[in-house]
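Below: the structure, in structure tokens.
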Amino acid sequence: MGNTKGFGRRTFLSGAALAPLAVSAEARGKRIAVRRPPLNLALIATVATSRATSNAERASVNSGYAPSNSADGSHDALRYWEPEGAQWVEYTWTKPVTLDSVDVYWHIAGTWLYAPKSYRVLYWTGSAFEPVSAAAGLGIAADQFNTTTFKPVKTLRLRLEIEADNAKNFALLQWKAYGRPSVLLPRVDAGLDRTLIAGGETYLLGKVRSLGEQPALLWRKTSGPGEVKIADEDAAQTSATATVPGNYTLELAARGPVTSSLALKVEAPPPDERLDVVYTTPYAITSPFWKARTKALIVNWIPYCVKQCERTDLTIGEGGLDNFIEAAKALRGQPHGKHKGFVFSNAWVHQTIESMCIALMVDAQGDPEILSAQAAMRVTLEKWIPIILAAQHPDGYLQTAYTLADRKEWPERWSPEHRDNHEGYVSGYFIESAINHYTLTGGKDLRLYNAAKKLADCWAANIGPGKKAWFDGHQEMEQALVRFGRFVNDMEGHGKGDAYIALAKFLLESRQGGSEYDQSHLPPQQQYEAVGHAVRAVYFYSGMSDIAAETGDRGYQSAVASLRDNMVNRKYYVTGGVGSGDTSEGFGDDYALKNDAYCESCSSCGLIFFQYKLNLSYHDARYADLYEETMYNALLGSVDLEGKAFTYTNPLEDRAPRYHWHTCPCCVGNIPRTLLMVPTWTYVKGKDGLYVNLFVGSKIDVGDIAGTRVEMVQETNYPWEGAVAITVNPAEAKEFAVRIRVPNRATSTLYAATPAIGGLKSLTVNGVAVPVTIENGYAVIRRRWQKGDKIALELPLGVQTVKADGRIEATRGKLAIRRGPLVYNVETADQPRIDLAMANAALSETWRPDLLGGVVAVKGQWADGSPLLAIPNYARMNRAGPAGEHPVEHNHGPVLSQVWIKA
């Protein structure tokens, strides 16, 4: 790029530009200038808050937006949830300013956001905050700017200190601060760091705020190995391209000079063709670890979800199968009841159907309890399927909340006013359930499959180019349509599912003009930061990665790579969970990873989906490394060891038992359907062979490889032991490659583990050592395979301590313990105190068959010399007492559990 262009060739007046001095005739006679009112200096201030939140929420309060009323939800707002004690929001300027008044517009909405009790204005004296003098106003009225005047102050910082009304939620839509600056310097923001796939395009969304003339601007490359072509170097918002991989810095400069920069990482594109899915079909689990977890889900948890879905007397999270029964009556023109529970209550019925279908594909191997549970599931499916299909409209539409709604309140489908009614969310789960019902029956029972096609066709007939542009507030339909489109193509021939994939892309690209909460603030190709509601986000990114894999679109690939990098290397917990809860069930700032994390179980499912799709795209083991981590640590422990209780959130400091149900039971069926899809997560296929991603003792038919059907048999006691035996059983002898993931536990740059452990201890084929070539994290073995050929390998599983990035405040001076794929916890059920420091002594491992169903525990020492015992994170809080009740008192009091230990 040429960077010889200077400033000053163009000037613009911004909306906040200074007006000329207003001079009256009388004043002219007296040669006295009458100045215009003070400027809103909030526009060029930076914002800080007492509570962790997101960039969007902070930026909203001084955006200059004029709310229509206090319930205006069209823009982001700065929200304080369940505030304890006084909270504050603060403005900072780069140069001193003189201020004499403020305007505050409160966000007051229904029964979830209230006016505060009171507030005051403080300024920075240079050493402390002091209240302004002669403050008059301080109003809390709705639907207006509340003005407060005070004696002028000259300062660099101004603060609103706010007292909530009995700890009720409150929020600000706008806070203006009036005065005069000493220097009219603009505020410049180059935007987010991001990744660009070579040959693609990245969108530079720079922002400049000025109180005077809009300054001339210039984008330029300040470092990097190759050329960066910028479409319009003088525009704040433009685009750029680059072709040489490497690390770059781009700078946006304005008059002053005031500059801001961003980091641009250019990466090589993924292979032209994605890998193929190994569908979940009947399979057997043999490893002790996974047999126990699978049995708990099949025998206890899924039957309990069935029972809850069939109840009609729930007081919380109500609404299950009964909504389908009533919707069918409405479609037949019969008297019917009202819809119960949340508009998205269909979701856990569809998830539970999918979970039953997968559970029925698990070989019971003669276990009487599993056989009994599976027999009951077959009866349930035969009962439920006709009920659900009877609630489907003749044209295929399916959402019982709409069917049973008053048309005056919900007049039409796919209405922009009803984006939060989850039409796509529940429809997507229905479509996904049809896939595993098809594979369960080997395609012999097409009831759900045909109904899913009918539903998808209904959407395609009404939404798309030249039809209706629409998107759901909660993503799910997008990834469901791609998953279904691929499945239809694989089952019926290429091309028959393409319309569903095209519709998914259209739905993704219709997301704009909204807020960060549901990721509709920008078109998908322009999103580079993980923001908003964490489940919606990871489902969205999963759908985006699907489209990137199907189309090879460089814009999607670049956005997906950027989002993954931002999430995994700035907003990711050591347990593989996401969602700090600093925003509503969502992401906060970079490195804001408090230990009372939200980490919703559904977000762990979504993160597994997201990383799995990237593994398909890139043929790279690092994505499987991450979803293994999430599966073993963030998701596996969301259900207790018996399979009788679950948790909606998965904090790294736990204080309460799991519970039987939840006000919003969206995770209850999502957890088992994800954990039980073992064949899909364990293997993927390429044109030249098979990829082994997980190590699970199992017998799985992976379908066609190199023109022959192949069965894969794993024998292992992983994760307790590192030895893995893999028997390759092709129906005919064929030449192909088997790629075995070599685990790399360094999934995120946020965490560093010592000592370094990695690679393979050994690898043989039929007892003979073979040379190992590592490609993209896989050990590659190419040969002519015959039935019974056995690969034997051993993975190192030593104990490590993990240290977090110093920018994470909650983990400074602390360590975590890891062994293999498992992160560990310490609990007061095993030691009197867990608030002590860990002694600088060696850690050792011990097999404890008597502890929590059998675990490898880690032993160490506390600083006071007492013994330290750590257990796997998935097994935490299983000795805390009955689900949903107060924690039981052990010898050391209530059970407390935590991942991070003082160093």
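What follows is calculated from the coordinates using simple rules that are stated; it is not laboratory data. Quick caveat: nothing in here was measured; it's all calculated off a predicted structure. All Cβ positions, even for glycine, are placed from backbone atoms using ideal geometry, and neighbour counts span all protein chains on display.
Considering only alpha-carbon pairs that sit under 8 angstrom and 6 or more positions apart, the relative contact order computed for region 39-181 is 39 percent. Which whole-number percent is the relative contact order of the chain (Cα, under 8 Å, 6+ apart)? 9 percent. Quick check: the distance between the Cα centres of region 155-204 and region 319-385, to the nearest angstrom? Between the Cα centre of region 155-204 and that of region 319-385, the gap is 48 Å. Backbone phi angles across region 632-643, fed through the Karplus curve with coefficients 6.51, -1.76 and 1.60 (θ = phi - 60°), yield HN-Hα couplings of 6, 10, 8, 9, 4, x, 6, 10, 5, 5, 7, x Hz in residue order; Gly and Pro are listed as x. Ranking N670, L172, V710 by how far each Cα lies toward the positive end of the dipole of the chain (charges on Cβ) leaves L172 at the top. Backbone amide hydrogens, once placed in the peptide plane, bring G473 within less than 5 Å of D420, N421, H422, excluding anything fewer than 5 places away on its chain. Counting only DSSP H runs of at least 4 residues, each contributing -39500 (n - 2.57), and dividing by the residue count of the chain, the helix-based mean residue ellipticity at 222 nm comes to -7500 deg cm²/dmol. Farthest toward the positive end of the dipole of the chain, out of L43, I463, Y618, is the Cα of L43, where the dipole comes from beta carbon charges about the Cα centre. Taking the Cα centroid of region 747-823 and of region 462-493, what is the distance between the two, rounded to the nearest whole Å? One Cα centre to the other: 37 Å. Is the C-alpha gyration tensor of region 288-510 telling us rounded, prolate or oblate? Criteria: a/c under 1.5 is rounded; beyond that, a/b larger than b/c is prolate, otherwise oblate. Note, shape of region 288-510 comes out oblate. Under 16 Å Cα to Cα from K229, which lysines show up? Leave out anything in the same chain fewer than 8 places away. Within reach: K5, K221, K265. Taking the Cα centre of the chain as reference, the dipole from Cβ charges on Lys and Arg (+1) and Asp and Glu (-1) amounts to some 1860 debye. The magnitude of the dipole of region 507-557, with charges of +1 and -1 set on the Cβ of Lys/Arg and Asp/Glu and taken from the Cα centre, is near 40 debye. From the phi of every residue in region 594-603, what ³J(HN,Hα) in whole Hz does the Karplus formula 6.51 cos²θ - 1.76 cosθ + 1.60 yield, where θ is phi - 60° and glycine or proline is x? Rounded to whole hertz, the list is 5, 7, 8, 4, 7, 6, 4, 4, 5, 5. Here K176, K859, K505 are placed in order of increasing Cβ neighbour count within 10 Å, fewest first, which gives K859, K176, K505.
Here the relative contact order of region 288-510, from alpha carbon pairs under 8 Å that lie six or more residues apart, stands at 19 percent. Pairs exceeding a 24 Å alpha-carbon distance, out of K95/K151; K594/K902; K291/K644; K594/K859: K594/K859. When Rg and Dmax of the Cα atoms in Å is computed from the coordinates, the matching label among (i) 32.8, 113; (ii) 35.7, 120; (iii) 29.3, 106 is (iii). Residues K295, K613, K787, ranked from the fewest to the most other C-beta atoms within 10 Å, line up as K787, K295, K613. Exposure proxy for M544, M712, M361: other Cβ atoms within 10 Å of each Cβ, ordered fewest to most, give M361, M712, M544. Taking Cα centre as origin and charging only the Cβ of basic (Lys, Arg, +1) and acidic (Asp, Glu, -1) residues, the dipole magnitude of region 613-669 rounds to 220 debye.
In summary, the aspartates and glutamates within cross-link reach of K168, defined as a Cα separation below 12 angstrom excluding same-chain residues under 8 places away, comprise E82, E84.
The spacing between region 230-247 and region 652-703, judged by their C-alpha centroids, is 40 Å. Taking label positions 7 Å along the Cα-Cβ direction at both S223 and K154, the computed distance is 3.9 nm, reported to one decimal.
Dipole of the chain computed with +1 at Lys/Arg Cβ and -1 at Asp/Glu Cβ about the Cα centre; of C357, P67, P771, farthest Cα towards the positive end is P67.
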